[in-house]
């Protein structure tokens, strides 16, 4: 089978309760028929233009020969480095596809000047940049495009020969790119970004880089019939019910890669679930964990564990209370997309909008325009500047007490979110903070799950949940004083200024929503990260 799911405990009970009703209500066939009324009258307008992913395989198949023909052209030109500029689903799906296939694709979903400079310095003369933006107005991708255009011109390369555009038809980027002579691939406008894995957004960058995208679509096609049938055996109905129908709701979903051949899939699932369900004070919080994560052994009552395993392991006994899933990558995309749409119906929310994503973007734009002076830190310890507007945090005088005060603000059913606006390449050790905080909490009287996101990447995915979901999180934001900066061509700001504005804007929106944020700026980033990790240990 191309997809298998094994259930136990509360997840199994949820499917026994919900799946018969979903079958009776013809939910699976309704999704397949693109019925926008399934999620209620308030969601009908948005759902009516966001269900194109149900026929993504058929719509995308004609793109394959075009993509492969362009790849052959690039290969003849000696191109050996493919770089993708995209945010949210536009980068996460291609990242999973390319990593799983063992194909090199540099992902540029950051505004960190150091990380962008590293990409520019890597084989520029034999590079192609793929710019993916559904709206055609994404600030990050626009900034990347401007920067690469300038870099190509500086070394005597025509940018129109080295930049490929993926966007919705009629978008500002579509219009300007065609006018300027760029190669443009249009995606289906009736598909939201997080559901776009099997559209041009997922296929163009990975196909150009060398992935067998025709095989990926075949994998997806193999399960398409199963998820469209109103049957108790429908894996998407089972999965949707299991992750959203438990009583009481297990509203934290641990995503654990445990032997699966698919690399990085939990990160894609994280953005799909968080952005689709986290709104109106409801939602399911995905928590990406390694097999040694402290949370897995705590028996947390609100944490549902999902393990991604190899097919042969899926036939074994599932661990008590857990969900085990195996399958091919294309099939996983199809089942999870359908399952999250089902989960939205069970939760009573619209899984296709993202009302709180724009707020952080607006705040960042205002900061870039007004250029306020940096606020004075509450205190500085070992070159780490500490700031917070929350009364119980701003009064602290040491790093240790400030961190403890943040954790004490978590409710019984809460979580800690670490948001690192840092260079993912040169400061990759930041992710160690997740396990360090989880271990600290596991030994406390209040063990809670810990999530980690790279900024501004997470703003286009889990950022929706943090603002629109249940108000149960506490937030640790980490920024750094940039050692290098990079001016964005024909823009009045640099990448260093942009990432700073994005961090400050997001913190401000969270605080305006009454959610406590502790911001740490590392003047010496490497040393500051080591100090934080040591402090937690």
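The values are calculated or read from the model by the stated rules, or taken from the named source; none is laboratory data. Quantities reported herein were computed from a predicted structural model and do not represent experimental measurements. Note: ideal-geometry Cβ built from the backbone for every residue, glycine included; neighbour counts use all protein chains shown.
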Check your understanding: Residues in segment 233-264 that are within 22 Å of residue 469 (Cα to Cα), assigned to a loop (DSSP other than H, G, I, E, B) and touching a strand residue (DSSP E or B) at 6+ places or on another chain (Cβ under 8 Å): how many?
Key -> 3
Check your understanding: In this structure, does residue 394 turn out to be surrounded by 15 or more Cβ atoms within 10 Å (Cβ to Cβ) and within 28 Å of the chain's Cα centre (by Cα)?
Key -> no
**Study point:** residue 104 being at pLDDT 95 or above and either out of contact with any strand residue (DSSP E or B) (no Cβ under 7 Å at 6 or more places or on another chain) or farther than 22 Å from residue 168 by Cα (or both)
**Key:** yes
Point to revise | Failed item, numbered, when residue 266 is tested on (1) under 21 Å from residue 12 (Cβ atoms); (2) crowded, with 18+ Cβ neighbours inside 10 Å; (3) free of Cβ contacts under 8 Å to residues at least 60 places away in the same chain; (4) out of contact with any helix residue (DSSP H, G or I) (no Cβ under 6 Å at 6 or more places or on another chain) | key: (1)
Check your understanding: Out of all the residues in segment 161-168, is one or more assigned to a helix (DSSP H, G or I), within 30 Å of residue 355 (Cβ to Cβ), in contact with a strand residue (DSSP E or B) (Cβ under 6 Å, 6 or more places away or on another chain) and not assigned by TED's automatic domain parsing to the domain that holds residue 31?
Key -> no
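Do we have residue 278 as touching a residue at least 40 places away in the same chain (Cβ under 8 Å), crowded, with 24+ Cβ neighbours inside 10 Å and at positive phi here? Spell out the reasoning first.
Values: touching a residue at least 40 places away in the same chain (Cβ under 8 Å): yes; crowded, with 24+ Cβ neighbours inside 10 Å: yes; at positive phi: no.
Criteria not met by residue 278.
Quick one: is residue 96 crowded, with 23+ Cβ neighbours inside 10 Å, closer than 30 Å to residue 494 by Cα, in contact with a strand residue (DSSP E or B) (Cβ under 9 Å, 6 or more places away or on another chain) and not assigned by TED's automatic domain parsing to the domain that holds residue 458? So that I can check it myself, show each step before the final result.
On the way: crowded, with 23+ Cβ neighbours inside 10 Å: yes; closer than 30 Å to residue 494 by Cα: yes; in contact with a strand residue (DSSP E or B) (Cβ under 9 Å, 6 or more places away or on another chain): no; not assigned by TED's automatic domain parsing to the domain that holds residue 458: yes.
Criteria not met by residue 96.
Going through 11, 43, 28, 56 one at a time, which residue ends up being touching a strand residue (DSSP E or B) at 6+ places or on another chain (Cβ under 8 Å) and in a helix (DSSP H, G or I)?
Numbers: 43 fails: touching a strand residue (DSSP E or B) at 6+ places or on another chain (Cβ under 8 Å); 28 fails: touching a strand residue (DSSP E or B) at 6+ places or on another chain (Cβ under 8 Å); 56 fails: touching a strand residue (DSSP E or B) at 6+ places or on another chain (Cβ under 8 Å).
Only one candidate passes the filter, namely 11.
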Check your understanding: Looking at segment 402-409, is at least one residue more than 23 Å from residue 454 (Cα to Cα), outside the structural domain of residue 234 (by TED's automatic domain parsing) and out of contact with any helix residue (DSSP H, G or I) (no Cβ under 9 Å at 6 or more places or on another chain)?
Key -> no
